[in-house]
Structures are given as C-alpha cells and as structure tokens.
Amino acid sequence: MRTELTDSNYKYKHLYYLIMKKYYLLSLVTASLIGATCIQCTSPKQKSGENSLPQKSELFATLPDCCPTPDGMAVAPNGDLILACPNFADITQPACLMRITKDGKITKWLDVPVLEETGWASPMGIAFNEEGDLFICDNQGWSGAEKAKNKGRVLCLKFDNGQLKETITVASGMEHPNGLRIRNGKLYVTQSSLSQIKDPSGLLVSGVYCFDMNDRDVVVTNTSEDKNLITTVITKNPEVQYGLDGIVFNEAGDLFVGNFGDGAVHRIKMDAEGKVVSNDVWAQDTTQLRTTDGMCIDDKGNIWVADFSANAVARIDKDGKIQRIAQSPDCDGSDGGLDQPGEPIVWNGQVIVSCFDLVTGPDKVNTKHDKPFTLAKLSLEEKE
C-alpha cells in the first residue's frame, strides 16, 4: 500500500515526524514502484567538484527484497557482517537482520522480535558484546505512528549455536534510540530527539544514555530526570532539527557523537567512574560534512561518517580535520553510488556503507526510494 505525506497530514502529525530520523518528508512506495526501472546516477544536483574527490564508491552488494532500508551494521563473533533492516520503506516486510559472509553470501538471519503494542520492530544501531550477545536500538518512534510514540527499546538478543534463545528488554519507553556502542560493560545509546526537555532557544535537545549490559527493564522518561542520561546537546540548525545519531569510541576512551542537523561531531570525555567531564564540538566543516549519520572508526583512529543528506561519506582524522571522501548524485545505487548513506563500517579491509535510500526533502540529494537495495564500499586508503 502506498502512503504519502500530504501537506495537511504532515501538519497533523508534525509532532511525531519531528522525531523521525531525517526530519523531512517520508515517502513510502508501493511494490510496483519498487519494481520499476531505476534511474541512473545522473542529477543536476551533482556539483562539479565531486569528480575531484579522493574516491568513487563501488557496489558491494545488492540486497534481497526483504531488506529495502538497510541501516546499522556490526561484525559478529565469527567475523560475518550483520546488517539491521528496519524496513520502513515496505511495512509488509518484517524488520530483520541479514548475515553476510566473507565470501559474499547474503542470507536472512532472523526477524527482530516485535513490540506487542505496535506489532513491529525498527532495528537501527546494533552492537555485539564479547559474549556474542547482540544489542539493538529498536527505534519505534521513527515510524511517526502515534501508537509508537515513546515506545523505543534497547534489546539484548542471546543466542545458542546461532539460534535466538532469549530476548531481553534492557530499556523501554525511549523516544528515539538510534546509535549504540559498547565499552567496558556499558551500553552507550544516542537519543536523536528528547522533545520533553525544553531549551530556552526552542531548539531540539538530544542526548546520550548509558546502561549497564546487565540492566533489565529500565523505564526511560525522556526527561532530564533519567538517571541514565549522561549528556545532552542542542541542534542549532533550525532547518534540520535532528540531533545525536552516530557514535564511536577511540582507543583512549573518548566518546564521539554526531549531531546530525549541525553536521558536527562532539567529543565527550569521561572520568574513571564514567561521569562526563566535557562535551565540546570537536569537528565541524559544512563544506565537507553536512549531516552526521552513522559513524565508525578505523585502526588509525580516523572516523568515517555517513553524510546522509549529501549522499556522501567523510573521513575525520585524529586532529579533527574533515575531508569528504566520496559523493554521489541522486541515484539508484546500482553502479555503487552512495544512495543516501546511513552507516559505514570497517569490515574485511574495506569500508562498507549501507544505503538507506528513503527520505526526501529540500536538503536531500535523494529524490525517491527505488530498487535495487544496496550496500556500497570504499577503500580504507586512497590509491596512489
């Protein structure tokens, strides 16, 4: 069934769509549109300077129909790449996790356990701990549905010989859980919107939550009273009110989070007890990075960032210098183009990038959702 946001129902649901991942118009397409002939990667939005960027992305994988909106990724204990598919583009497809082996075999691993109240799951950020448990940000609120408001969860999936054995709710009641990383037995989760926390400026507040891996059934209120809320930021760009998203740690234990709307990366320092001692903008250059979606870090300490709105990927060196590495015009991803990149990950000596390919709007290069559903790839180092 095709669903479109008209001007009238957009205003009606305005409060809910403020917490959607990329804030602007969400177009859900029919199976017939998904099956239509895809456009080629040519667009008047492409700038001449894009041809001189260090790399051009290449096609890594074409995904099956059960994965129309690929998002977060993590490396499994056996080395396979696990991909979260919240499937916002086709609600007839259950949200699932895909498995990709080093020899390129792609299979559906499992459907993510749904929330009974809504009937669906929305897996975005994912991460494994050393024991092989998989933690998932179930971003229920991204859908914009009233029944999913403040119903986001952090889940822990436990396995036995690769089969799901138990699903544990670490936290519930979350407005917009998005990115997730694990360090020293703690889960660090970005909440991209905390609309109940009001800043005098009227601008969006978002934040970082910290849970213990053994926490169970923590009820989040999305207010400053939450004991698990360790820091907040303001998104200053009034045109893109969408907050903290991507998240990584460096070897020194500094936490880096991307403020999506501002195209900025914050560095958060903590003391030995995990208390935040500083939270500052560490890297920002909108000529090189417009929006900060998913992030990963390589062995040299470079942070790779998916620039969702610009169809680009940037790299930030250890000194905080940002460089756009690759960019694509509006495309269908069939030739390896960055078709609205959602998250990068370093895997098997390459940077793999999920192509979310769904959200449209005046600040987005992407103009529609279409087949194929893809992952792109970049080199860790530029070729001489």
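At a glance:
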| read-out | value |
| --- | --- |
| Among the residues listed as Gly173, Gly179, Gly132, the single one being on the phi > 0 side of the Ramachandran plot, in a strand (DSSP E or B) and either touching a Gly at 6+ places or on another chain (Cβ under 8 Å) or surrounded by 14 or more Cβ atoms within 10 Å (Cβ to Cβ) (or both) | Gly173 |
| Asp330, sole failed condition from (1) surrounded by 16 or more Cβ atoms within 10 Å (Cβ to Cβ); (2) touching a strand residue (DSSP E or B) at 6+ places or on another chain (Cβ under 7 Å) | (2) |
| Whichever residue in the range 300-317 is touching a residue at least 40 places away in the same chain (Cβ under 8 Å) and not in a strand (DSSP E or B) and, among such residues, is nearest to Leu380 (Cα to Cα) | Gly301 |
| Total residues in the range 280-301, condition of a type in the set (S, T, N, Q) and crowded, with 19+ Cβ neighbours inside 10 Å | 3 |
| Complete set of residues in the range 135-152 that are closer than 20 Å to Pro70 by Cβ and either of a type in the set (D, E, K, R) or assigned to a helix (DSSP H, G or I) (or both) | Asp138, Gln140, Gly141, Trp142, Ser143 |
| Residue pairs meeting the criteria (Cβ under 8 Å; at least 6 apart or on separate chains; first in contact (Cβ under 8 Å) with a residue 60 or more places away in the chain and within 16 Å of Gly179 (Cα to Cα), in the range 341-355; second of a type in the set (D, E, K, R) and in a strand (DSSP E or B)) | Val353/Glu343; Val353/Lys377; Ser354/Glu343 |
| Residue in the range 198-208 that is of a type in the set (Ser, Thr, Tyr), modelled with pLDDT of 95 or more, in a loop (DSSP other than H, G, I, E, B) and over 22 Å from the mean Cα position of the chain (by Cα) present | yes |
| Conditions (1) surrounded by fewer than 15 Cβ atoms within 10 Å (Cβ to Cβ); (2) in a loop (DSSP other than H, G, I, E, B); number of the one not met by Glu166 | (2) |
| Test: residue in the range 150-161 that is basic (Lys, Arg), farther than 16 Å from Cys96 by Cβ and in contact with a helix residue (DSSP H, G or I) (Cβ under 6 Å, 6 or more places away or on another chain) | yes |
| Matching residues, the range 48-62, being at pLDDT 95 or above and either touching a His at 6+ places or on another chain (Cβ under 8 Å) or not β-branched (Val, Ile, Thr) (or both) | Leu53, Pro54, Gln55, Lys56, Ser57, Glu58, Leu59, Phe60, Ala61 |
| Qualifying positions in the range 71-91 - within 22 Å of Gly152 (Cβ to Cβ) and free of Cβ contacts under 8 Å to residues at least 60 places away in the same chain | Ile82, Ala84, Cys85, Pro86, Asn87 |
| Single condition Leu194 does not satisfy, out of (1) part of a strand (DSSP E or B); (2) buried (at least 23 other Cβ atoms within 10 Å of the Cβ); (3) of a type in the set (A, V, I, L, M) | (1) |
| The range 361-384, residues that are touching a residue at least 24 places away in the same chain (Cβ under 8 Å), of a type outside the set (A, V, I, L, M) and not in a strand (DSSP E or B) | Gly361, Pro362, Asp363, Lys364, Asn366, Thr367, Lys368, His369, Asp370, Lys371, Pro372, Glu382 |
| Answer residue from the range 168-209, given it is hydroxyl-bearing (Ser, Thr, Tyr) and touching a residue at least 60 places away in the same chain (Cβ under 8 Å) and is farthest from Thr221 (Cα to Cα) among those | Tyr188 |
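The values are calculated or read from the model by the stated rules, or taken from the named source; none is laboratory data. As the structure is a prediction and not an experimental result, all values here were calculated from the model. Note that we place each Cβ from the backbone using ideal geometry, even for glycine, and neighbour counts take in every protein chain shown.
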